[in-house]
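Below is one structure; the comments refer to it alone.
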Ligand SMILES: C[S@@+](CC[C@H](N)C(=O)[O-])C[C@H]1O[C@@H](n2cnc3c(N)ncnc32)[C@H](O)[C@@H]1O
């Protein structure tokens, strides 16, 4: 993150969700606010972020970004069914779940944690788009590398004595190993029934050469945006860490298999490899 500047990659992820609504009708992940939250930028024809997201050849990326959001919100639904009433969007960017909260009547509170600069920008976007912030949504500005997540959340009214579900999409690669493992340790130490969905990338040296070149181009773009990739994990290493931290169950899926879960028979087009990206759902149970 560049000091004092909102996340550029947050805008990129939001642009892919918005483009999915427009170009694929939101068939994998329906988000009626996705275009509105982005809208003030969306008419800029020369914007490379929008150009990438709306490009006809990027359907697989749009579907993957949509599928990971769907996977996360399905996991929130399952957590609510087992009695969880606190949800946290970690590194929320322009994610709109907190504004749509389908479980408000059941008493689900949503906390949005993000880097202070990104959060301030997001709140401005919500106001500009006239998207109301429901009473169930609370903002908690926290820099994961410099501030305690527990302090930031408790200051916002989060109850450490009750279970909680965390959505942490598109953030882990930008954090150090220490920040990632500290955060997972915090979640695992919450009361049983707590859980998290997050995504991660395998180390690029394990990729075949052509995928490695694509990965390096993306890594260069992210670094130029001031958000370099800092963390990679092998699935085995992460499984060991999650067990060690106290997560008792997990489901780990590669991006290439994720979209097919929501679009039967979907296959990534040749040349659109997932570059070793995974999404994982881990939780604790008594
Ligand atoms: C690629 S965006 C993902 C946003 C959102 N989760 C999504 O999927 O659209 C990365 C997010 O991580 C946040 N982030 C990166 N480094 C951070 C840090 N050190 N502390 C807090 N948030 C951070 C950024 O502000 C941004 O919102």
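A few comments on the model shown:
- Residue identified as at pLDDT 90 or above and either more than 15 Å from the ligand (Cβ to nearest atom) or in contact with a helix residue (DSSP H, G or I) (Cβ under 6 Å, 6 or more places away or on another chain) (or both) among 206, 213, 161, 225: 161
- Filtered by the rule that a residue be over 21 Å from residue 36 (Cα atoms), at pLDDT below 95 and away from the ligand (no atom under 16 Å from the Cβ), region 84-128 gives no residues.
- Residue in region 63-83 that is in contact (Cβ under 8 Å) with a residue 24 or more places away in the chain, away from the ligand (no atom under 13 Å from the Cβ) and in contact with a helix residue (DSSP H, G or I) (Cβ under 6 Å, 6 or more places away or on another chain) present: yes
- Selection from region 227-247 of residues that are more than 25 Å from residue 273 (Cα to Cα) and out of contact with any strand residue (DSSP E or B) (no Cβ under 7 Å at 6 or more places or on another chain): 240, 241, 243, 244, 245, 246
- Only one of 126, 190 that is under 20 Å from the mean Cα position of the chain (by Cα), surrounded by 17 or more Cβ atoms within 10 Å (Cβ to Cβ) and in contact (Cβ under 8 Å) with a residue 12 or more places away in the chain: 126
- Just one residue in the set 178, 154 is within 15 Å of the ligand (Cβ to nearest atom), part of a helix (DSSP H, G or I) and either surrounded by fewer than 22 Cβ atoms within 10 Å (Cβ to Cβ) or modelled with pLDDT of 95 or more (or both); that residue is 178.
The values are calculated or read from the model by the stated rules, or taken from the named source; none is laboratory data. Since the structure is predicted, the reported quantities are computational estimates derived from the model, not experimental observations. Cβ coordinates were reconstructed from backbone atoms using ideal geometry, including for glycine residues, and neighbour counts include every protein chain displayed.
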